[in-house]
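Only one structure is covered here, and it is reproduced in the block below.
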Amino acid sequence: SSWALIFDTSVVKSNIDVLAVAPSNPQYIYASVGSNLYTTSNQGATWNTYTAPSVINAIAVSPTNPEKIWLACNASGAYRACVSTDAGQNFTDISSGLPAISARSVTVDNDAVESIYYGMNIGVFFKNNNMPWTDLSTNLPKVAINEVEIQPNARMLRVATYGRGMWQRSLAGGYCTGTI
């Protein structure tokens, strides 16, 4: 019945593009406007501002480490997919092996091998700590993947496409496999 302002126009003078909250610690909140990444570890009492390598399209936070995030970025070269282990202060490029197109969405599984799924301008790609990038796009329409989400109880990956509906498949990492 009541709201508390935790991020306002004194922090940023534009609309927020992306918002993510750490599942393991809701004190950690991430927001972005363009390539600016705003982070808080105290539920919005104070904010840090960092510059990401490119315009941020999506943020995924580790289910177990609130300072580990993955970004899907609007770039066709390096840093279209990247990871930070220090709440956005520094990034490591993990794009090698992905097609040279923008990443639109990202989600991470709560499994032992840290499976990540990226929705790209065309296709869905998967990797984990033990495997390189794998294209999961077989039988999926050749369109932009606007959103990737994990349904943990059913162990399903669900994707929303640009104009071609929603699709699902079994998760690829460590548990199940299947074809979209």
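The values are calculated or read from the model by the stated rules, or taken from the named source; none is laboratory data. These figures come from a predicted structure and were not determined experimentally. Methodologically, a virtual Cβ is constructed for each residue, glycine included, from the backbone with ideal geometry; neighbour enumeration extends over all protein chains shown. The area values use the complete protein model at the heavy-atom level, side chains included, leaving out ligands, DNA and RNA. Shrake-Rupley method; radii C 1.70, N 1.55, O 1.52, S 1.80 Å.
Look at (1) small (G, A, S); (2) open to solvent by less than 60 Å² (accessible area, probe 1.4 Å); (3) assigned to a loop (DSSP other than H, G, I, E, B) and you find that S2 fails only one, number (2).
Across the stretch 102-116, a minimum of one residue is classified as more than 22 Å from L171 (Cα to Cα) and either aromatic (F, W, Y) or open to solvent by 10 Å² or more (accessible area, probe 1.4 Å) (or both).
What are the residues in the stretch 34-58 that are in a strand (DSSP E or B), open to solvent by less than 20 Å² (accessible area, probe 1.4 Å) and either in contact with a Phe, Trp or Tyr (Cβ under 7 Å, 6 or more places away or on another chain) or more than 26 Å from W133 (Cβ to Cβ) (or both), if any?
Here is the first cut: in the stretch 34-58, the ones in a strand (DSSP E or B) are 36-40, 48-51, 56-58.
Remaining after also requiring open to solvent by less than 20 Å² (accessible area, probe 1.4 Å): 37-40, 56, 58.
L37, Y38, T39, T40, listed by residue number.
Taking the stretch 11-33 on its own, how many of its residues are of a type outside the set (G, A, S) and open to solvent by 60 Å² or more (accessible area, probe 1.4 Å)? Write out each step before concluding.
Taking the stretch 11-33 first, the residues of a type outside the set (G, A, S) are 11-13, 15-19, 21, 23, 25-30, 33.
This time we only want the ones that are open to solvent by 60 Å² or more (accessible area, probe 1.4 Å), so: 13, 15-17, 19, 21, 23, 26-27.
Residues in the stretch 11-33 being of a type outside the set (G, A, S) and open to solvent by 60 Å² or more (accessible area, probe 1.4 Å): 9 in total.
A residue that is among the polar types (S, T, N, Q) and farther than 17 Å from S62 by Cβ can be found somewhere in the stretch 140-150.
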